1. Here is a list: Phe10, Phe4. Which entry is buried (at least 17 other Cβ atoms within 10 Å of the Cβ), within 26 Å of Val133 (Cα to Cα), touching a residue at least 60 places away in the same chain (Cβ under 8 Å) and among the hydrophobic types (A, V, I, L, M, F, W, C)?
2. Take segment 105-134 and flag every residue that is farther than 19 Å from Phe4 by Cβ and of a type in the set (Gly, Ala, Ser).
3. In segment 52-79, which residues are part of a helix (DSSP H, G or I) and either buried (at least 18 other Cβ atoms within 10 Å of the Cβ) or of a type in the set (Phe, Trp, Tyr) (or both)?
4. Which pairs do you get when a residue that is at pLDDT below 95, found in segment 118-147, comes within reach of a residue that is among the basic types (Lys, Arg), reach meaning Cβ atoms under 6 angstrom, with the pair 6+ apart or on two chains?
5. Any idea which residue in segment 161-212 is most open to solvent (accessible area, probe 1.4 Å), counting only those that are under 27 Å from Ala126 (Cα atoms), outside any helix (DSSP H, G or I) and touching a residue at least 60 places away in the same chain (Cβ under 8 Å)?
6. So which residues in segment 135-160 are open to solvent by 30 Å² or more (accessible area, probe 1.4 Å) and in a helix (DSSP H, G or I), if there are any at all?
7. (1) open to solvent by less than 40 Å² (accessible area, probe 1.4 Å); (2) closer than 24 Å to Thr57 by Cα: which one isn't true of Trp115, the others all being true?
8. Which condition number does His25 fail, the rest of (1) open to solvent by less than 20 Å² (accessible area, probe 1.4 Å); (2) not in a helix (DSSP H, G or I) being met?
Amino acid sequence: LALFLLTLAFAGIGLADDACKVFFHRNLGLTFRQKILVQSIVAAVFALVMILLGQNTTLGGWLGRYGFANPYLYQLLVIFLVVGGANATNLTDGLNGLLAGTASVAFLAFGIIAWQMNLPEAATIALVCSGAVGAFLYFNFPHARVFMGDIGSLALGAALAGLAVITHQELRLAVIGGIFVIEALSVIIQVASFKLCKKRVFKMSPLHHHFE
């Protein structure tokens, strides 16, 4: 239920952003600060629910070893994962079929992991998302007849991050969602390079536009 509401909330943020573009003719929709603030609040609520359910107490591996089981550090970790994941998928959504194709595979991976961990609810949501995004791909590739928009891209990223938290695959999220990480890093590198050195590393960012 927490994962479903998290996904729905981020879809709502995306809907507000898309509505600003369509109805108020604001090309950028919500401002960066507005989006990050609302996303952080929603992610913080999700993190608090996870802590109340004791999710942080079963944190193992590197994160558990370095103290992220602490409620305060765990909440910061979850906020970072959810907000970062949502915005990384949002940046990836720029070419027909790119986000839909990669997200479908990522959800399938989390579905298999959740099933192996005997988490049927998480596995069901992951597999349903994988199938739904795969069906969307039919209308989005090679020529887009339906556009995903922020309502889709933000929701998908939040859902993937939420699945990573629930299945305790927080670090593996960077591998399963490797494309999203690379896309986000390309923007960070491009902006930092231009501001510091007045030079562009890529012809255009995110990275898929450089390859275009």
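The values are calculated or read from the model by the stated rules, or taken from the named source; none is laboratory data. In this text, all values refer to a predicted model and were calculated from it rather than measured experimentally. Ideal geometry is used to build each Cβ from the backbone, glycine not excepted, and the neighbour counts take in all protein chains shown. Side chains included, ligands, DNA and RNA excluded: accessible areas come from the protein's heavy atoms. Shrake-Rupley method; radii C 1.70, N 1.55, O 1.52, S 1.80 Å.
1. Just a single option satisfies the conditions, and that option is Phe10.
2. Ala109, Gly134
3. Those that are part of a helix (DSSP H, G or I) and either buried (at least 18 other Cβ atoms within 10 Å of the Cβ) or of a type in the set (Phe, Trp, Tyr) (or both): Gln55, Asn56, Trp62, Tyr72, Tyr74, Gln75, Leu77, Val78, Ile79.
4. Phe139/Arg145
5. Per the criteria, the residue is Leu171.
6. Correct list: Ala135, Phe136, Leu137, Tyr138, Phe139, Ile151.
7. (1)
8. (1)
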